[in-house]
Amino acid sequence: MIVSPAPALATAARVAPQTVSANAPAVVLRELGVTDYSATLAAMRAFSRARDADTPDEVWLTEHPPVFTLGLAARHEHLLDVGDIPVVASDRGGQVTYHGPGQLVAYVLLDLGRRDLKVREVVRLMEDAVLATLRDLGIEGHRLAGMPGVYVAGEKIASLGLKVSRGRSYHGLSLNVDMDLDPFDRIDPCGYRGLRVTHIAARRPGVSKAAIAARLARHLRSWMEPSAACAR
């Protein structure tokens, strides 16, 4: 996995694809720090439009200031009391969710055709990476039938949503690490009234977001670059 330096926030919308051999296994990891949601969404769209058959896949790790985002299926009645938190319409699948400080976001920009992957397979592989990250911390996560994401004791700890255009995906997953969970009470998380939300800090206080980001990136890498899994 190639680790690229984070571009400045002001230039996030100009993240340019790098070109390598189409059969190269390397995945570019970008650690972006804190980024504006709308600017990052524009950057993902621009990257996906500009990439070609030789562009390596990328994973962007970031964190957003407080924002509610609406997926393509979102219904406004699931916004209960947004207050002063901005609401942004997105082109990912799914309903409404919240991003904020203390949450790790991983955007997965893949050429699905080159990897011979279907959208549901990518969702499952992302869930697997989160589940493996939680197991590293001694936390038992699980899935719920018909409700994408990862849960701990029935409470949601990670949300997933993708957009696929011309066979290329963007968006990805968010993992609650150590954050103020109160904004989730202002919405029906993922469109489910009464769904409880949790974070890693509830069970493993003091674990650093950087350490969790490194673990999550390693587990994502294990299926994006199979040889990396063998080398661990």
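Could you tell me which residue of the range 110-162 is modelled with the lowest pLDDT, considering only residues that are assigned to a loop (DSSP other than H, G, I, E, B) and surrounded by 14 or more Cβ atoms within 10 Å (Cβ to Cβ)?
L117
Here the condition is being closer than 17 Å to L220 by Cα and under 18 Å from the mean Cα position of the chain (by Cα); of V164, V130, V88, it holds for V130 alone. Within the range 200-224, the set of residues being closer than 13 Å to A132 by Cα and either touching a residue at least 40 places away in the same chain (Cβ under 8 Å) or part of a loop (DSSP other than H, G, I, E, B) (or both) comprises I212, A213, R215, L216, A217, H219, L220, R221, S222, W223. Could you give every pair whose Cβ atoms fall below 6 Å, whose first residue belongs to the range 83-99 and is without any contact (Cβ under 8 Å) to a residue 60 or more places away in the chain, and whose second residue is surrounded by 15 or more Cβ atoms within 10 Å (Cβ to Cβ) and not aromatic (F, W, Y), counting only separations of at least 6 or pairs across chains? Taking only residues 6 or more apart or on different chains, the pairs are P86/V67; V88/S38; V88/V67; V88/T69; A89/L70. Looking across the range 190-211, just one residue is more than 18 Å from D136 (Cα to Cα) and within 16 Å of the chain's Cα centre (by Cα), and that is C190. The set of residues in the range 163-199 that are of a type in the set (S, T, N, Q) and not in a loop (DSSP other than H, G, I, E, B) comprises S165, S169, S174, N176.
The values are calculated or read from the model by the stated rules, or taken from the named source; none is laboratory data. All values derive from a computational prediction rather than experimental measurement. Neighbour counts run over all protein chains shown; Cβ positions are idealised from the backbone, glycine included.
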